[in-house]
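Colleague: Right, I'll just put the structure down here and ask away after.
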Amino acid sequence: MGEQAPGGDEKTTKATKAAKAAPVKAKAAPVKKAAAKKVRAAAKKAAPAKAAAPVKKAGAARTVEVRPPGGESRTALVRRARRIDRELAEVYPYAHPELDFESPFQLIVATVLSAQTTDLRVNQTTPALFAKYPTPEDLAAADPEEVEEILRPTGFFRAKTKSVIGLSKALVEDFGGEVPGRLEDLVKLPGVGRKTAFVVLGNAFGRPGITVDTHFQRLVRRFRWTDETDPDKIEAAIGALFPKSDWTDLSHHVIWHGRRICHARKPACGACPIAPLCPAYGEGETDPEKAKKLLKYEKGGFPGQRLNPPQAYLDAGGRPAPPLGAG
């Protein structure tokens, strides 16, 4: 609009100048277009590098409780986790707590004693303990030196003696000699943490709980159900994948598989019934014949860990463990 002027000569002069300037602008336009094309071409070449950003984000998301490595969706993870549990339930239909007990009191004491030793060694030791101290009142009033001598085979016997006598006194003084059936009460007892509490709740009171022992921790990471290493975080992550009603049996299935086939040092991958579902397949022996030699307990034809196992276990071909000193 500024190019229009009221005076004729002035108008002519301006028009002439504009005409001279026009070709210059017209020539400059192609230069700008060419530059723009170069910019767009460079942007296209750079696009793959930008597209890699989401991969970095996926890697960072590995710490999320319910998202496994590899970018598996939560829905896919839940389906795979539950399928593995179903498969393990078929392999171990007789799975049960591998500590001998006849009462909640015996179970809580045996579970405390199972720290840093095998359930088999605990089962071989507790008959003498409960024969001499059958009730919380009896154990609360026991001579520590006598209890230490009985518990010596379990290791760390002095600390364990202090714990079982202490929890027995707490049961007598705070709960009338009865084992409480609530998590918040159980964890207040000497030597009782969440793992022990859930063992007692699930197996003595029928209340669902996840038992995060060393086998459970190892396998859920191998299955890539979670990357967490803290027991409480593992408990929360796995609990989010399964209905609460499945928690106790799930714990048995995973722990049994860890003890029999998916060992810490030499997993028997070649003899594993859930190998097609396991992301960690190949970490252990894959040759079927060599893998069979690594199997333990009833899977390898050896006695189990309980001296008095459930009938279902015996019906499935399992054999009772020998008592202490039986060779």
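Colleague: Given R₀ = 25 Å, FRET efficiency for Asn308-Glu90 by Cβ-Cβ distance, to 0.05?
Modeller: 0.50
Colleague: Net charge near His253, counting Lys/Arg +1 and Asp/Glu -1 over other residues with Cβ under 10 Å of its Cβ?
Modeller: On the way: positive: Arg86; negative: Asp85, Glu87, Glu90, Asp246, Asp249.
Net charge around His253: -4.
Colleague: If you don't mind, another one. Can you classify the range 104-205 as rounded, prolate or oblate using the Cα gyration tensor, where a ≥ b ≥ c are the square roots of its eigenvalues, rounded means a/c under 1.5, and otherwise it's prolate if a/b beats b/c and oblate if not?
Modeller: Values: a/c = 1.70, a/b = 1.24, b/c = 1.37.
Judged from the Cα gyration tensor, the range 104-205 comes out oblate (a/c at least 1.5, b/c at or above a/b).
Colleague: At most 11 other Cβ atoms within 10 Å and a DSSP loop assignment: could you name the trypsin sites (Lys or Arg not before Pro) in the range 241-327 that fit?
Modeller: Details: sites: Lys244, Arg259, Arg260, Arg265, Lys290, Lys292, Lys293, Lys296, Lys299, Arg306; in loops: Arg265, Lys293, Lys296, Arg306.
Passing sites in the range 241-327 are Arg265.
Colleague: Separate question: Tell me which of Trp256, Leu294, Gly304 sits at the most positive position along the dipole axis of the range 252-311, charges placed on C-beta atoms (Lys, Arg +1; Asp, Glu -1).
Modeller: Gly304
Colleague: Now for a separate question. I want the local charge near Pro180. Using Cβ-Cβ distances under 10 Å, sum +1 for each Lys or Arg and -1 for each Asp or Glu among the other residues.
Modeller: Numbers: positive: Arg182, Lys188; negative: Asp174, Glu178, Glu184, Asp185.
Net local charge, Pro180 excluded: -2.
Colleague: Here's something else I'd like to know. Using each residue's phi in the range 136-150, evaluate 6.51 cos²θ - 1.76 cosθ + 1.60 at θ = phi - 60° and report the 3J(HN,Hα) Karplus result to the nearest Hz, with x for Gly and Pro.
Modeller: Whole-Hz 3J(HN,Hα) from phi for the range 136-150: x, 4, 5, 6, 5, 9, 6, 6, x, 5, 5, 5, 4, 5, 5.
Colleague: Further question: When only C-alpha pairs under 8 Å and at least 6 residues apart count, what is the relative contact order of the range 104-205, in percent?
Modeller: Working: 114 pairs, mean separation 32.2, N = 102.
After rounding, I find 32 percent.
Colleague: Further question: Could you calculate the contour length gain from Arg74 to Phe205, that is, 0.36 nm times the residue separation minus the distance between their Cα atoms, to one decimal place in nm? Show your work: numbers first, answer last.
Modeller: On the way: separation 131, 0.36 × 131 = 47.16 nm, distance 3.18 nm.
Contour length minus Cα-Cα distance gives 44.0 nm.
Colleague: A further question follows. Return the sequence-ordered ³J(HN,Hα) values of the range 78-95 in whole Hz as given by the Karplus equation 6.51 cos²θ - 1.76 cosθ + 1.60 applied to θ = phi - 60°, using x for Gly and Pro.
Modeller: Rounded to whole hertz, the list is 4, 5, 5, 4, 5, 5, 4, 4, 5, 5, 5, 5, 6, 6, 10, x, 9, 4.
Colleague: Still on this structure, I have one more. Using amide H atoms built in the peptide plane, which far-off residues or other-chain residues are under 5 Å from Arg306 H to H?
Modeller: Those qualifying (amide H under 5 Å, at least 5 residues apart or on another chain) are Ala321.
Colleague: Under a point-charge model restricted to the Cβ atoms of Lys and Arg (+1) and Asp and Glu (-1), what is the dipole moment magnitude of the range 104-205 relative to its Cα centre, in debye to the nearest 20?
Modeller: Roughly 440 debye, rounded to the nearest 20.
Colleague: Now a separate question. Apply the Karplus parameterisation 6.51 cos²θ - 1.76 cosθ + 1.60, with θ equal to phi minus 60°, to every residue of the range 101-113 and state each ³J(HN,Hα) to the nearest whole Hz, in sequence, with x for glycine and proline.
Modeller: Along the range 101-113, the couplings run 7, 10, 7, x, 5, 5, 5, 5, 5, 4, 5, 4, 6 Hz.
Read-outs throughout are calculated quantities, based only on the coordinates presented, and are distinct from any laboratory measurement. Keep in mind that what you see is a predicted model, and the values were worked out from it rather than measured. Positions of Cβ are backbone-derived with ideal geometry, glycine not excepted, and every protein chain shown enters the neighbour counts.
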